[in-house]
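The values are calculated or read from the model by the stated rules, or taken from the named source; none is laboratory data. These numbers come from a predicted model, not from an experiment. For neighbour counting, all protein chains shown are included, and Cβ atoms are generated from backbone atoms with ideal geometry for every residue, glycine included. The area values use the complete protein model at the heavy-atom level, side chains included, leaving out ligands, DNA and RNA. Shrake-Rupley method; radii C 1.70, N 1.55, O 1.52, S 1.80 Å.
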Amino acid sequence: MTGPDDQAALKYDDIAREVLELIGNAHSESALAGIDRLVMIDDTRPESFYFLGLVALEMNELGRALELFEKAASLAPECFEYAEALANLYTQVGRLNEGLFYAKLSMTLMPHPTIEGLLPVRFSNYFTSLKSASPSSNYLKGMSLYSARRFSDSIRYFERELKINPNNAECRRDYGDALCELGRYTEAIQHLSRAVELQPNDSSTRFKLGNLCYQLGEFEEAPLQHKAALELDEDSIELAAAIFARTSALPPGHTKVIEELHEHLQRRLEDAPGLPPEAILDDDSGTESNDEKIRLAYISNRFEFGDQARMVEPLLQLHNRRQFHVTVYQQSHGSDSTTQRLRASADNLRYVGNLDDEHLAVIIAGDQIDILVDLCTDDANNRATVLHMHPAKIQVGAWGAGMGIGMPGIDYVLADDITGEAAKAELYEGQKLHKLDFGLLSYQPRKTLPPVGALPLEKFGAPTIGVSCNAGAIMRDEAEILAEILNKTPQARIIVGATPAVDLEAFSRIKYQFKAFGLADRVEMSSDQKYTDQMIVDPDYWNSIDVFIDVGRRANPTVIADSLWMGVPVLSLKGERPFDRLGASLVYTAARPGWVAETREDLIKLTVDILSDAGALSKTRKTLRNEMRQALLFNPEPHVRSVERAYLRLLGREVPTS
């Protein structure tokens with residue numbers, strides 16, 4: 001015998017088959033009436049949304065069809081037909097990245113358990129859709145590799161596409177962005193500029209061009225491009241949040257534009273959706289007892305090989321599992337060996353890149369997350385809307401976009417003694433600063449770094465100073481500091497490098513800054529990258545310099561760590577803004593406070609003194625790596641315990657004394 005629920009399910013399926021036939025015969029009005037009957041029986045099932053999507057498709061309302069298919073897939077993520085429909089439609093409208101994702105996903109899913117023939121003929125073969133799509137297979141392959149952050153591989157396919165279709169604006173945009181990721185700014189400028197000419201109303205191109213301007217130190221042009229992107233996309237909170245976060249790269253003196261972009265973000269948040277009712281839990285649904293595990297979660301759009309993953313991995317691996325249950329929400333499509341290790345280090349990993357904001361907020365609330373840590377970078381695929389909904393008890397920023405300062409939904413910003421003062425001065429209403437016991441970052445030494453080489457000063461008889469090939473970090477003021485050092489050490493020269501690719505455009509801009517001081521001939525470009533991995537600084541660079549100088553502007557933390565591990569002293573100027581103090585923070589955590597300068601005069605004197613004592617510099621070269629083995633910077637466990645104590649304090653929990 002069958003019960004009432006079973007009978008209702010059978011009736012639902014019979015009507016669903018009728019609706020499917022009506023849609024196939026183009027009887028849209030009758031199909032809509034049938035869908036109304038389905039909703040009256042059960043308004044929670046996904047089939048009605050899917051059928052509405054098919055009707056929208058017949059009416060050529062492709063955007064609406066995608067929304068409805070996405071809704072169906074979110075309600076039944078295990079259903080093959082819904083994913084396959086999304087794969088085909090996304091591909092047919094030219095959104096190949098999403099199409100490829102759902103095509104791969106559908107291969108892991110099962111067909112609908114009770115209704116056959118859900119897929120219309122036009123969705124029966126993904127590869128047929130691919131052939132009918134406007135982009136070529138070269139662009140599809142390039143986007144697939146780009147999404148996996150295999151930029152060096154992706155650009156080969158973008159180049160092939162552009163030989164066939166030089167006016168493909170999307171390809172030029174994505175090719176230019178891949179080149180930016182590789183530090184090849186000279187070529188990136190050409191392609192992003194051409195993409196703007198071909199498609200001036202594309203907000204994504206303007207956003208990426210603005211990002212490139214920041215990299216090259218074009219601090220007046222970058223906000224203009226970003227404002228143009230905001231005008232072209234009037235709704236996206238994620239775009240506005242990413243653009244505001246990018247202002248952390250601005251040097252002091254740009255308060256007005258920072259405030260303008262933050263106010264723009266706030267205006268968008270005024271119209272943002274609130275927390276869905278189904279995500280609002282009872283007051284006693286969270287953790288209350290000290291005996292219960294704290295539910296901790298990290299959300300990121302870059303859980304692949306890279307600088308952030310290198311920082312996050314020790315956290316995930318070393319968290320005290322007796323006290324913390326760790327969930328990872330992965331926004332990015334990419335997957336590599338690093339992603340696999342991060343997944344293995346978490347108690348629970350959810351891929352959330354295909355979830356809408358309300359669905360993700362409901363999931364986070366349902367997971368009863370006590371502390372949600374935002375690790376999303378300042379890219380447009382962040383989850384600012386979800387964070388604004390505030391689905392977790394406490395939401396924290398520290399290692400993501402802009403350190404979380406001024407970002408939607410962030411309650412607390414973590415900092416240390418070095419970054420804390422500057423961070424506190426920039427906090428926005430509703431945010432509080434919480435200082436870690438020591439150090440903002442810690443790392444495992446990079447396994448691929450070679451043995452420490454001989455001191456170049458001993459080999460060549462003249463000191464060499466390393467600086468990053470970052471045109472946005474070495475402007476007139478920073479060049480003046482370095483020029484004074486060169487004047488006080490007549491035989492010294494500067495070798496610009498410490499980036500995976502030493503770009504000619506960036507180097508030329510840096511070298512130009514020294515012309516005013518008559519010292520351009522003593523500024524050299526490091527040799528070509530010989531290392532096979534184009535996302536890592538060539539280890540040979542560290543064996544070509546005697547000291548590395550952080551001029552107090554946007555230091556790359558992994559570069560600082562690698563320099564110290566290679567026996568190269570890092571001399572750091574404590575900058576004015578929070579991100580400009582990261583280099584100094586790492587040097588302090590490496591137990592080298594004497595290598596941190598409070599003023600530019602201090603940095604000049606410190607550098608000149610160290611370079612003038614070849615014997616002491618040689619000894620440092622030989623002993624620094626062993627000394628770093630004992631430093632907190634390269635021993636992540638004490639740092640993780642410090643972070644855990646911070647989490648406990650934020651929740652009002654008892655903090656262990658040992």
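Annotations for the structure displayed:
- Nearest-0.05 FRET efficiency for A454 and T599, computed from C-beta distance (R0 22 Å): 0.10
- Given their separation in residues at 0.36 nm each and the Cα-Cα distance between them, L504 and R343 gain 54.2 nm when the chain is fully extended.
- Cα shape, segment 480-626, gyration tensor, a/c 1.5 rule: rounded
- Relative contact order of segment 335-424, pairs being alpha-carbon contacts under 8 Å that are 6 or more residues apart, as %: 22 percent
- Share of carbon and sulfur in the accessible area of segment 423-529 stands at 50%, probe radius 1.4 Å.
- What the chain shows is 43 Å² of accessible area per residue, with the surface traced by a 1.4 Å probe over protein heavy atoms.
- Within segment 482-502: backbone nitrogen closer than 20 Å to the S527 label point (7 Å, Cα to C-beta): 493-502
- Listed values (1) 104, 66, 47; (2) 96, 69, 51; (3) 92, 64, 45, entry calculated as Cα extents along the principal axes in Å: (3)
- Element breakdown for segment 364-419 at a 1.4 angstrom probe: carbon and sulfur atoms account for 46% of the accessible area.
- Within the accessible area of segment 23-77 (1.4 Å probe), percent carbon and sulfur: 51 percent
- Relative contact order of the chain, taken over Cα pairs closer than 8 Å and 6 or more residues apart, is 9 percent.
- Segment 373-407 and segment 224-240 have their alpha-carbon centroids 18 Å apart.
- On full extension, the segment bounded by R321 and D356 gains 9.6 nm, given 0.36 nm per residue less the C-alpha separation.
- Exceeding the 29 Å Cα-Cα cut-off - candidates K163/K208; K227/K574; K227/K424; K432/K574; K393/K424; K71/K141: K227/K574
- Helix axis angle, 636-650 relative to the chain longest principal axis, alpha carbon, degrees: 60 degrees
- Distance between the modelled labels on E221 and D609, one decimal in nanometres: 4.1 nm (7 Å Cα→Cβ projection).
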